[in-house]
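Undergrad: Got a structure for you, written out below as structure tokens; questions coming shortly.
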Amino acid sequence: MHERSSVAELAKSLRVELDRYSPGGKLPSSRALVERYHVSPVTVTRALAQLAAEGLVVTRPGAGAFRAEPRTPTPVAGDTSWQEVALSADAATELVPRAVDASGVLVTLSAPPPGVIEFNGGYLHPSLQPESALAAALARAGRRPGAWGRPPTDGLPELREWFAREIGGSITAADILVTAGGQSAIATALRALASPGTPVLVESPTYPGMLAVARAAGLRPVPVPADADGVRPELLEAAFRATGARVFVCQPVFHNPTGATLSTERRREVVRIARAAGAFVVEDDFARRLVHADSAPLPAPLVADEPDGVVVHIRSLTKITSASLRVGALAARGPVLERLRAIQVVDSFFVPRPLQEAALELVGSPAWPRHLRAVAQELKSRREVMTGALALHLPELALPHIPSGGYQLWLRLPDTLPEASLLAAALRAGVTAAPGRPYFCAEPPAGHIRLSFAGVAGPTEIVEGVRRLRTAVDELTG
């Protein structure tokens, strides 16, 4: 957070200073800027790169940075109003319009302004990421023979073997497709399993990115309520009967946003109910490696011991490493595997080989188990800090479930505290949170917010962020 703020501040100062130079004039050296502004060389490099992206400076390797020549006049904007008709013309004939709404996803991808504490994030803070191990893995991967060659469309055999071992049970490398992260795998699975206009059953609440994918594919998400033990089997069975759906999407371990884990009894029931309905279960196992230290042993994935091909499993390395290591896997059995493979090939050909090679290097290095242990301990510590701060400063916000894994807490708001108003007041107080509304595909039972404790610098920032939320609540209720 501090580094990002320093880059923004330096870039702002340099924009003002540019007026002192004529077009083509040379700026002070990086060393001079480091000494003048008391920042690191990395900060100077990133600030100059930002100005170069804005077209204000030109950097020349070995020569330095120069003020850019004046830009050409901005082209006259055309009249694009005709696109409103063209883009909506087909919607009138579609049973379910293929609307693309990324707002629920962008909430967790957008960086807040400098100085604002980020409780809305969906990834590990840089201090929790294995940056050194990732850099070393990428460097080693680049030296592998054929690292830039074309990989097999299903993925590197060694990486498929590794994912199969991770999933366990009777899954083998032959059941695995390497994907470009979990989001890509969800899109591939839904397109393979459901036709446009048909219903797809989802947990309520659930991950907004999956809802967006379903709607963009012309599917109709149907909510099935869940509680602290996961989806309620009797309601799942009733939903299959009422809708005729052939797909149920779930997150059985450390569910997003509630953090719940599907109980042992319900796990068996979910697979049985889907099998009886002639339906698939899409198991999004995105958070398994985000287990907290000292938690109870996790149940095996649904797909591990399910031989009939009912479960299509999704696994990803992204959440436990970096948002940019977009490497994941689909596991499936039977004819559906060929359909998944065909869709992935048509959409993207294959996952870039350097990324696959780097992933192999990372998970095979001694740094990997050390990273997993460190993240497990840190997530547990951060969860305890946040729950303690909430109990002290915001006891009126209900926390129905304290998870033993994942990176977030799911809070229910009092009926007297409007969700949108709270989020706006929170931003004014200098803290962001994820709104609860996008997690519901129908009317929500109450207002909610999701707070991430993984995307901030540490415990001090967590406590300060909760205090700022207190300020926001007081603004609305005082």
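Undergrad: Which of the residues belonging to the range 190-201 are closer than 15 Å to residue 312 by Cβ and not in a loop (DSSP other than H, G, I, E, B)?
TA: So in the range 190-201, the residues closer than 15 Å to residue 312 by Cβ come out as 190-194, 200-201.
Of everything in the range 190-201, those that are closer than 15 Å to residue 312 by Cβ and not in a loop (DSSP other than H, G, I, E, B) turn out to be 190, 191, 192, 193, 200, 201.
Undergrad: Output the residues belonging to the range 2-39 that are part of a loop (DSSP other than H, G, I, E, B) and in contact (Cβ under 8 Å) with a residue 24 or more places away in the chain.
TA: Applying the first criterion (part of a loop (DSSP other than H, G, I, E, B)) to the range 2-39 yields 21-25, 27-29, 38-39.
Within the range 2-39, 21, 22, 23, 24, 25, 27, 29, 39 qualify.
Undergrad: May I pose another question? What tally of residues in the range 50-69 results from selecting those that are touching a Pro at 6+ places or on another chain (Cβ under 6 Å) and at pLDDT below 85? Reasoning before the result, please.
TA: Initial filter on the range 50-69 (touching a Pro at 6+ places or on another chain (Cβ under 6 Å)): 67, 69.
Subset that is at pLDDT below 85: 69.
Qualifying residue count for the region: 1.
Undergrad: Please verify whether residue 324 is under 21 Å from residue 266 (Cα atoms), out of contact with any Cys (no Cβ under 6 Å at 6 or more places or on another chain) and small (Gly, Ala, Ser), treating the condition exactly as stated. Let's see the steps before the verdict.
TA: On the way: under 21 Å from residue 266 (Cα atoms): no; out of contact with any Cys (no Cβ under 6 Å at 6 or more places or on another chain): yes; small (Gly, Ala, Ser): yes.
No; evaluated as a whole, the condition is false for this residue.
Undergrad: Could you list, in sequence order, the residues of the range 150-180 that are in contact with a Lys or Arg (Cβ under 8 Å, 6 or more places away or on another chain) and more than 17 Å from residue 341 (Cβ to Cβ)?
TA: Answer for the range 150-180, where residues must be in contact with a Lys or Arg (Cβ under 8 Å, 6 or more places away or on another chain) and more than 17 Å from residue 341 (Cβ to Cβ): 166, 167.
Undergrad: Taking the options 321, 261, name whichever one is hydroxyl-bearing (Ser, Thr, Tyr), touching a Phe, Trp or Tyr at 6+ places or on another chain (Cβ under 8 Å), over 17 Å from residue 189 (Cβ atoms) and crowded, with 20+ Cβ neighbours inside 10 Å.
TA: Matching residue, one of 321, 261: 261.
Undergrad: Please go through the range 178-189 and give me each residue that is out of contact with any Gly (no Cβ under 8 Å at 6 or more places or on another chain) and either crowded, with 24+ Cβ neighbours inside 10 Å or assigned to a strand (DSSP E or B) (or both), ordered by number.
TA: The answer is 188, 189.
Undergrad: For the range 18-37, state whether one or more residues are aliphatic (A, V, I, L, M) and farther than 15 Å from residue 66 by Cα. Quick ask: steps written out before the conclusion?
TA: Residues of the range 18-37 that are aliphatic (A, V, I, L, M), as a first pass: 18, 27, 32-34.
Cutting the leftovers down to farther than 15 Å from residue 66 by Cα gives us 34.
Scanning the range 18-37 turns up at least one residue that is aliphatic (A, V, I, L, M) and farther than 15 Å from residue 66 by Cα.
Undergrad: Sticking with this structure for a sec: Condition first: among the charged types (D, E, K, R), part of a loop (DSSP other than H, G, I, E, B) and either modelled with pLDDT of 75 or more or surrounded by 13 or more Cβ atoms within 10 Å (Cβ to Cβ) (or both). Can you find one or more residues in the range 162-172 that meet it? Walk me through it before giving the result.
TA: Going residue by residue through the range 162-172, those that are among the charged types (D, E, K, R) are 165-166.
Those still in the list that are part of a loop (DSSP other than H, G, I, E, B) too: none.
Among the residues of the range 162-172, not one is among the charged types (D, E, K, R), part of a loop (DSSP other than H, G, I, E, B) and either modelled with pLDDT of 75 or more or surrounded by 13 or more Cβ atoms within 10 Å (Cβ to Cβ) (or both), which makes the answer no.
Undergrad: Okay, next question. With of a type in the set (D, E, K, R), part of a strand (DSSP E or B) and without any contact (Cβ under 8 Å) to a residue 40 or more places away in the chain as the only criterion, which of 283, 265 stands out?
TA: Numbers: 265 fails: part of a strand (DSSP E or B).
Among 283, 265, only 283 is of a type in the set (D, E, K, R), part of a strand (DSSP E or B) and without any contact (Cβ under 8 Å) to a residue 40 or more places away in the chain.
Undergrad: Within the range 457-474, which residues are at pLDDT below 95 and either touching a His at 6+ places or on another chain (Cβ under 7 Å) or closer than 16 Å to residue 107 by Cα (or both)?
TA: 457, the sole residue that qualifies.
Undergrad: Quick test for you: out of 374, 425, 434, pick the one residue that is small (Gly, Ala, Ser), in the same structural domain as residue 116 (by TED's automatic domain parsing), touching a Pro at 6+ places or on another chain (Cβ under 9 Å) and more than 14 Å from residue 257 (Cβ to Cβ). Break it down stepwise before answering.
TA: Details: 425 fails: touching a Pro at 6+ places or on another chain (Cβ under 9 Å); 434 fails: more than 14 Å from residue 257 (Cβ to Cβ).
That would be 374, the only listed residue that is small (Gly, Ala, Ser), in the same structural domain as residue 116 (by TED's automatic domain parsing), touching a Pro at 6+ places or on another chain (Cβ under 9 Å) and more than 14 Å from residue 257 (Cβ to Cβ).
Undergrad: Does the range 429-438 contain at least one residue that is over 18 Å from the mean Cα position of the chain (by Cα) and closer than 16 Å to residue 121 by Cα?
TA: Going through the range 429-438, the residues over 18 Å from the mean Cα position of the chain (by Cα) turn out to be 429-431.
Checking which are closer than 16 Å to residue 121 by Cα leaves us with 430-431.
Yes, the range 429-438 has at least one match.
Undergrad: Here is a check on your reading of the model: is residue 289 assigned to a helix (DSSP H, G or I) and under 18 Å from the mean Cα position of the chain (by Cα)?
TA: Details: assigned to a helix (DSSP H, G or I): yes; under 18 Å from the mean Cα position of the chain (by Cα): yes.
The answer is yes for residue 289.
Undergrad: Continuing with the same structure: Tell me which residues, restricted to the range 1-44, are closer than 24 Å to residue 455 by Cα and either among the hydroxyl-bearing types (Ser, Thr, Tyr) or in contact with a Cys (Cβ under 7 Å, 6 or more places away or on another chain) (or both).
TA: 5, 6, 40, 43
Undergrad: Say we look at the range 225-261 and pick out the residues that are assigned to a loop (DSSP other than H, G, I, E, B) and without any contact (Cβ under 8 Å) to a residue 40 or more places away in the chain; which of these is nearest to residue 200 (Cα to Cα)? Walk me through it before giving the result.
TA: Taking the range 225-261 as the starting set, the residues that turn out to be assigned to a loop (DSSP other than H, G, I, E, B) are 228-229, 232, 244-246, 251-261.
Imposing the further condition that a residue be without any contact (Cβ under 8 Å) to a residue 40 or more places away in the chain reduces the set to 229, 232.
Details: 229: 21, 232: 16 Å.
Per the stated criteria, the residue is 232.
Undergrad: Looking at 375, 363, 385, 345, which is the one that is touching a Ser or Thr at 6+ places or on another chain (Cβ under 8 Å) and either of a type outside the set (S, T, N, Q) or more than 27 Å from residue 296 (Cβ to Cβ) (or both)? Let's see the steps before the verdict.
TA: On the way: 375 fails: touching a Ser or Thr at 6+ places or on another chain (Cβ under 8 Å); 363 fails: touching a Ser or Thr at 6+ places or on another chain (Cβ under 8 Å); 385 fails: touching a Ser or Thr at 6+ places or on another chain (Cβ under 8 Å).
Result: 345 is the single residue among 375, 363, 385, 345 that is touching a Ser or Thr at 6+ places or on another chain (Cβ under 8 Å) and either of a type outside the set (S, T, N, Q) or more than 27 Å from residue 296 (Cβ to Cβ) (or both).
The values are calculated or read from the model by the stated rules, or taken from the named source; none is laboratory data. Not measured: the values here are computed from a predicted model. Glycine also receives a Cβ, built like all others from the backbone with ideal geometry; neighbour counts cover every protein chain displayed.
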